[in-house]
Amino acid sequence: MGHYPPVSTPRRSVAWFGSADRDGFIHRSWMRNQGLPSDAFDGRPVIGICNTWSELTPCNGHFRELADHVRRGVLDAGGVPLEFPVLSLGETLMRPTTMMFRNLAAMDVEETVRANPLDGVVLLAGCDKTTPSLLMGAASCDLPAIMVSGGPMLSGKYRGRDIGSGTSVWEFSENTRAGKMSPQEFMEAEACMSRSAGHCMTMGTASTMASLVEALGMGLPGNAAIPAVDARRKVLARDAGRRICAMVEEDLTMSRILDRRAFENAIRVSGAIGGSTNAVVHLLALAGRVGVPLTLDDWDVLGRDVPCLVDLMPSGRALMEDFYYAGGLPVVIRELGERVHRDALTVNGQTLGENCADAECFDREVIRPLDRPVAPHGGIAVLRGNLAPDGAVLKPSAASPELSKHRGRAVVFEDIDDYKSRVDDPDLDVEPDDVMVLKNCGPRGYPGFPEVGNMALPKKLLERGVRDMVRISDARMSGTAYGTVVLHTAPEAAVGGPLALVETGDVIELDVEARRLHLAVDDDELERRRSRWNPPPPHSERGYYRLYVEHVMQADKGADFGFLVGKSGAPIPRESH
Ligand code: FES
């Protein structure tokens, strides 16, 4: 055992591999069965490659190859790469909703990283919830970490036009229900949309989160937009493998990057890209992990003066491939000038400003200059009032301007099953000026906080040409969706929030400019209704569902589990042998 050098470094992995006793024998011997040579245990940085590959997560289906490029980078830099799987969350298949499992995946990441001989970690994420879950879990360990996003799919192509993940699905679905598209055309479009490896290529939640990874300083420049199948994505992965070894030497931990400036930058960049409302929930949860004070109102205050500069679906026309060829996120960050903290540190050791100083734009229609924005307000509007005492959100750039100040009669659906059973009923009493209200789809009510807030309009109104109505719920919506949709209403109906008390026929007032959401029912009547209200029965008495429902916080707190807020670092746990 004499060839192992004396331990002179605080590196975590040495606590496993550095001793000449029985425990060291066990730690090394079993690892040797994978072909590790003796010098793998000589104190060099041991790097985890946290992989969310799964055939059940098609957006991350290319991650074994991507992980291999990270591995090469780690080896280039003299480190020891060790790839490991964590719970993967596939947006399109998991029921009742991937959001139900975001915190579970974060727990998996946190405990796996802490329990193993890792000095740093590269996080491979792509599909919507894989990004926040890995960031949250790793943040609670606070080791050096880089995220490598999987990259968007190539643009969808259907009958000579570009079509986008999600956004075009909603459009085609409504056109088919309205009789404007045949079922055959609908099926044909299905095969034309997802043409390559990668995640949704609209500015949905995955692209938003990949962009915010770069804006937070947690990814290398270019992380946001390089297409999944572009060779430069592989180079980025390899660079990340090289860089993480240096970060271990520099002890550049996540908490040194994720300070208040980083979150403010992310919120502003989210406004400039027309980012998904889901980012609100995920960033609040991440900030909670690293102890940065961040509130729902910060989203409104910081994003209010940020124009939407990126002309991408669902707020605009283009797709992520176009965004990358136009120059990608560094152009947006440079364009924002003093609106971002240019001195914020990033994973490559440079500041955000340094990373973007030389960014060039190659298509001014896709990435607009500040004086010619896609929309004057790209941020998230945080609404309050007697219907949402703890807040609700709306994405102005995806809403209809003529509905942003609206007064209408509520048409209430008590839960998602009620909505599905009645929405297309020809006898449903609903008019275009009404306000559709959906209850019991929040974190605890559904349970899991699903993306059903952009409820499809009643078929009979679609057939009349109606394309948008005010919709209000305690649910989320897909980042690829659009419309005048009020989401994340807190407290949610299932915990007795005022949303639970709304009845069909009530008048609701929405005023986005004034940030107001009001139920025009007098307080005495609301009190009477409250005295009659009963919470919905629990969905399950056992298992993860029970843990989730008992501990999930409300939307305005990021829907994390209360007991996961904060970080425990990565102390070396006691030996097991
Ligand atoms: Fe995976 Fe959209 S379904 S990113």
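The values are calculated or read from the model by the stated rules, or taken from the named source; none is laboratory data. The model shown is predicted, which means the values in this text are computed figures rather than measured ones. As a convention, Cβ positions derive from the backbone with ideal geometry for all residues, glycine included, and neighbour counts pool all protein chains shown.
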Considering (1) within 16 Å of the ligand (Cβ to nearest atom); (2) farther than 20 Å from Gly198 by Cβ, say which one Gly78 fails and leave the rest. (1)
Quick one: in the stretch 56-68, which of the residues that are away from the ligand (no atom under 13 Å from the Cβ) and surrounded by fewer than 19 Cβ atoms within 10 Å (Cβ to Cβ) is farthest from Trp30 (Cα to Cα)? Glu65
Where a residue in the stretch 166-181 is in contact (Cβ under 8 Å) with a residue 24 or more places away in the chain and over 15 Å from Asn454 (Cβ atoms) and its partner, wherever it lies, is within 16 Å of the ligand (Cβ to nearest atom) and not in a helix (DSSP H, G or I), with Cβ under 8 Å and at least six apart: none
Check on Asp39, part of a helix (DSSP H, G or I), under 36 Å from the mean Cα position of the chain (by Cα) and of a type outside the set (Gly, Ala, Ser): no
Of the candidates Gly48, Gly78, the one satisfying the condition of being in contact (Cβ under 8 Å) with a residue 24 or more places away in the chain and surrounded by 15 or more Cβ atoms within 10 Å (Cβ to Cβ) is Gly48
Given the structure, is Arg515 more than 30 Å from Pro396 (Cβ to Cβ) and of a type in the set (Lys, Arg)? no
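Let me confirm something: among Met107, Met94, Met99, Met31, which residue is within 16 Å of the ligand (Cβ to nearest atom) and in contact with a strand residue (DSSP E or B) (Cβ under 9 Å, 6 or more places away or on another chain)?
Just a single option satisfies the conditions, and that option is Met99.
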When the stretch 461-508 is checked residue by residue, the ones that are assigned to a loop (DSSP other than H, G, I, E, B) and within 16 Å of the ligand (Cβ to nearest atom) are Met477, Ser478, Gly479, Thr480, Ala481, Tyr482
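This table checks each residue for (1) more than 16 Å from Gly408 (Cα to Cα); (2) surrounded by fewer than 14 Cβ atoms within 10 Å (Cβ to Cβ); (3) aromatic (Phe, Trp, Tyr).
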{"position": "Lys459", "(1), (2), (3)": "yes, no, no"}
{"position": "Met477", "(1), (2), (3)": "yes, no, no"}
{"position": "His488", "(1), (2), (3)": "yes, no, no"}
{"position": "Gly505", "(1), (2), (3)": "no, yes, no"}
{"position": "Leu519", "(1), (2), (3)": "no, no, no"}
{"position": "His539", "(1), (2), (3)": "yes, no, no"}
Could you list, in sequence order, all residues of the stretch 143-165 that are within 30 Å of Val290 (Cβ to Cβ) and either of a type in the set (A, V, I, L, M, F, W, C) or under 20 Å from the mean Cα position of the chain (by Cα) (or both)? Leu143, Ala145, Ile146, Met147, Val148, Ser149, Gly150, Gly151, Pro152
For the stretch 123-137, check the following and say yes or no: at least one residue is in contact (Cβ under 8 Å) with a residue 40 or more places away in the chain and more than 20 Å from the chain's Cα centre (by Cα). no
Applying the selection to the stretch 28-60, what residues are within 24 Å of Gly150 (Cβ to Cβ) and of a type in the set (A, V, I, L, M)? Val46, Ile47, Ile49, Leu56
Identify the single condition in (1) assigned to a loop (DSSP other than H, G, I, E, B); (2) modelled with pLDDT of 95 or more; (3) of a type outside the set (Ser, Thr, Tyr); (4) under 23 Å from Leu499 (Cα atoms) that Lys567 does not satisfy, given that it satisfies every other one. (4)
For the stretch 392-436, give me the residue count where each residue is buried (at least 18 other Cβ atoms within 10 Å of the Cβ), of a type in the set (Ser, Thr, Tyr) and free of Cβ contacts under 8 Å to residues at least 40 places away in the same chain. 1
Residue check: is Glu250 surrounded by fewer than 17 Cβ atoms within 10 Å (Cβ to Cβ) and either at pLDDT 95 or above or within 15 Å of the ligand (Cβ to nearest atom) (or both)? yes
Taking only pairs six or more apart or across chains, which ones have beta-carbon atoms under 9 Å, a first residue in the stretch 257-275 that is closer than 14 Å to Met209 by Cβ, and a second residue that is among the aromatic types (Phe, Trp, Tyr)? Ile267/Trp299; Ser270/Trp299; Ile273/Phe323
